[in-house]
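The values are calculated or read from the model by the stated rules, or taken from the named source; none is laboratory data. Here the structure is a predicted model, which means the values were calculated and not measured. Glycine gets a Cβ as well: all are built from the backbone with ideal geometry, and neighbour counts include every protein chain shown. Accessible surface is based on the protein model in full, side chains and every heavy atom, while ligands, DNA and RNA are left aside. Shrake-Rupley method; radii C 1.70, N 1.55, O 1.52, S 1.80 Å.
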Amino acid sequence: MNFVECHEEPIHIPGHVQDFGYLIGICSDSETINFCSKNISEIFNISAEALLGKKISDISHINQILSSSDIYSTVSDYTKRENETYFDKIFINQEKYHFSLFRNGTNIFLEFEKVIENPYKRITNKYDNFYIIENDQGIWDQLLSTLSNIINYDRIMVYKFMNDGSGKVISEINNDVLESYFGLHYPEQDIPRQARELYLKKRKRIFSNVYSEPVEIISKSDTPIDLTYTSARAMSPIHGQYVKNSGASSSFSISIIIDDKLWGLVTCQNKAAKHIDLEDRVQAGIFTVLASNAYSSYKSKRDLEYQMDLDVKLSFLKAEFLKYNTLFESLASNKRELRNLPKADGFAVISDGDKITDGIVPPYETIQKIVDWAYDNTEENIFISSSFLKDHGEELDLDEKSGGVIIYFVERSKNEILIWFRKEFDEHIDWAGNPEKKIEIFSKNGVDIKTVSPRNSFHIFTENIKGHSKRWSSKSDCAVKAIRDLILGTSHKQYIMIKKLNDQLKKVNEELDSFSYTISHDLGTPLTVMKLNAQMLLKGLPNAEEKDKKKVQSIISEIDNMAEMMQNVLQLSRAKHSEILLEKIETESTIEKITENAIMTYNTPHSTVIIKECPEVLADRTMLHQVFLNVINNAIKYSSGSAEPLIEIEGSENGDYIIYRIKDNGIGIPETEKHKMFKIFNRMDNAKKFKGNGVGLSIVHRIMNRLGGNVDYESSNEGTCFILTFQKPKFAEI
């Protein structure tokens, strides 16, 4: 038993024609008849078998009839190009027939069909005004309105192909004799691949009566005859049954070709058998071409408007990008505009350890999983998926915020990546019957053939779609590529500009560090004198009013703040320039002393500090003290407002590194502030009620880099955990 898939059925060589058509095939070299339809005797009073091997010129009555046609009398002029059909009308036995002629390979095809006058045809010049319609739906509705006055079938539809080969009825005119299919979807196997290829070649297809018996073609050769361009080509048994199951007896289709691709079909069906005259079919095809061109023009106009609008937005972004010295700052400062360009719900920028988001995005842990997946599973710089949740939801533990994604690698080696997110879209598709394939067996020439069965029911079958977002359109793809080009263009300009500035800044920074060190050191003495004088002044005012005392106390407090700030700047300068001596250091006693002093300094005796394992590290003793001092002080200070302040300190080994985690239940770090936490003088909005000047974490960051380690953190509304990574001491082998 053979199995034939829908897309394997050889529908271009059925070996038969429909009974409304008559066919003669002539060899272009010998001019003898190679094949003809068996019903040719009905119009020429000679059997098909008697015609084979003869020339038309040998059969006087046929030659006389055909010679009245210009396209036959100069046949060589009309067959220079393959598959180009020419039409004429001739009289056979005092009846008018359409006569068509074309060449395919070495055969010249002569087709005949009776002229049928159409008394119902109503055409006026208003029907081709497709170009004044300002929306695509209106164009297709106008086309069907026009065609219904020519074809007058019970159900006339515009069927649009989707990217996956399935289709949808997007416009319909129906007189209620057949049920409506408007809005219904059809699976890919309903119009399989080889059928779509034929629709691209032969753009008008008529099946006058699916219940009539096809007419056999008699041929001199056993080689199947390619009937691709033949108007009366018989329909496949599978397609014939499909049309019958839909309740129709006649079917007519016209291909909608846009940008040389099969965009869709005008599909016409009639409950009763009904033939459409060739002239009307040609006219219907002309109107369909007009509508297709109008749609293409409308689409081009809309695309141009979109591109112009996109160019305006990109010009604005370009100016904004050039205001900043780094790409990350440019992206972070324009994150909302970047999110909106491809119409996304959420947007994330990842650059090394920095992250910034906008809109509706999954948690940071999930974003990192997506980034890791993208590096392992994608090769292109731009990855687009509208079914990301369905395809990878379980693997990556995704939620509804990651229904669809666009991932753009700015620079793989630098871990720079942009991600756009779309939420899961609760969608359903109304299919014209259950789209699942069913297998049937039928016998052909004594051989049982197993094939996909055409559906028996076209009643609505609703499929709920999960794990998908709204589809990313071609405009979304265009927007992301425009952002890519913007980044590449501005990055180049920024690189040139920054390179010029770097040499200047390097020299200026050296001078500034030197100045910072000098000014911080030299101003210590005058500040001490000022403070002593202010304290003496306060003691000399025992009877002064309270407001005067407060003014003097305020002076003393500000002097202390200035001294602390200068000391911090001095420490920051030392962290960059001081000589370092790396040695194996025990940390537990240092941590305990810093903790005790911090509790007294911030007056938080109710703070609970849990110190767990404290493994030795490789570090500079003075700098190590500075690191723990700043981080532990922050932990105790920023958790002091909690009802039960809790600080946990623990070190652990991880390969060649020692990792300390200092965790508190304090105020936390807002996500919007994370990308600038290690910058000098940066203070969060929620930290301004606490004393400080925003230098401590800059010192920690600079020291950890010099020690060959790293500082990072995790934060939420429930507190912050700073992660210090030190080098592991190397122990001598015994």
Relative contact order of segment 1-152 (C-alpha contacts under 8 Å, at least 6 apart) in percent is 18 percent
Of LYS244/LYS274; LYS160/LYS274; LYS168/LYS204, those spanning more than 22 Å from alpha-carbon to alpha-carbon: LYS160/LYS274
Just to confirm a number: summing +1 for Lys and Arg and -1 for Asp and Glu over residues other than ILE382 whose beta-carbon lies under 13 angstrom from that of ILE382, what do you get? -1
Taking 0.36 nm per residue of sequence separation and subtracting the Cα-Cα distance, how much length would be gained by fully extending the chain between ALA50 and ASP485, in nm to one decimal? 149.5 nm
Calculated FRET value between ILE585 and TRP373, using beta carbons and R₀ = 41 Å, to 0.05: 0.55
Would you work out the relative contact order for segment 78-169, in percent, from Cα pairs under 8 angstrom that are 6 or more residues apart? 16 percent
Checking the a/c ratio against 1.5 first, then a/b against b/c, what shape does the Cα gyration tensor give for segment 302-427? oblate
Between LYS466 and LYS160, with labels modelled 7 Å along Cα→Cβ, what's the label distance in nm to one decimal, could you check? 2.8 nm
A 19 angstrom limit on the alpha carbon distance is what I want to check against. Which of LYS401/LYS663; LYS335/LYS481; LYS323/LYS343; LYS369/LYS414 exceed it? LYS401/LYS663; LYS323/LYS343
Ordering of 35-45, 373-383 by burial proxy (mean other Cβ atoms within 10 Å per residue, highest first): 35-45, 373-383
Step through the residues of segment 644-649 one at a time and calculate ³J(HN,Hα) from phi using the Karplus curve (6.51 cos²θ - 1.76 cosθ + 1.60, θ = phi - 60°), rounding each to whole Hz and writing x for Gly and Pro. 10, x, 9, 10, 10, 10
Mean separation of Cα pairs under 8 Å and 6+ residues apart, divided by the residue count of segment 224-366: what relative contact order is that in percent? 12 percent
Using a cut-off of 12 Å between beta-carbons, work out the net charge of the residues near ARG661 (Lys and Arg +1, Asp and Glu -1, ARG661 not included). -4
Test of understanding: what is the full-extension gain from ASP260 to GLU216, defined as 0.36 nm times their sequence separation minus their Cα-Cα distance? 12.5 nm
Residue by residue through segment 132-137, the couplings from Karplus 6.51 cos²θ - 1.76 cosθ + 1.60 with θ = phi - 60°, in Hz, x for Gly and Pro, are 8, 7, 9, 8, 5, 4
Cα centroid separation, segment 695-731 to segment 316-375 (Å): 25 Å
Accessible area, probe 1.4 Å, largest first, for residues ASP88, ASP154, ASP259: ASP259, ASP88, ASP154
Want the number for LYS201 to ARG81: 0.36 nm per residue separation, take away the alpha-carbon distance, what's left? 41.7 nm
1/(1 + (r/R0)^6) with r = Cβ-Cβ of ASP352 and GLU650, R0 = 30 Å, i.e. FRET efficiency to nearest 0.05, evaluates to 0.70
I need the phi-derived Karplus couplings for segment 392-403: 6.51 cos²θ - 1.76 cosθ + 1.60, θ = phi - 60°, integer Hz, Gly and Pro marked x. 9, x, 5, 4, 9, 6, 8, 10, 5, 6, 10, x
Taking segment 1-149, the lysine pairs whose C-alpha atoms sit under 25 Å apart (8 or more places apart or on different chains) add up to 17
Separation of alpha-carbon centers, segment 1-80 and segment 255-314, rounded to whole Å: 33 Å
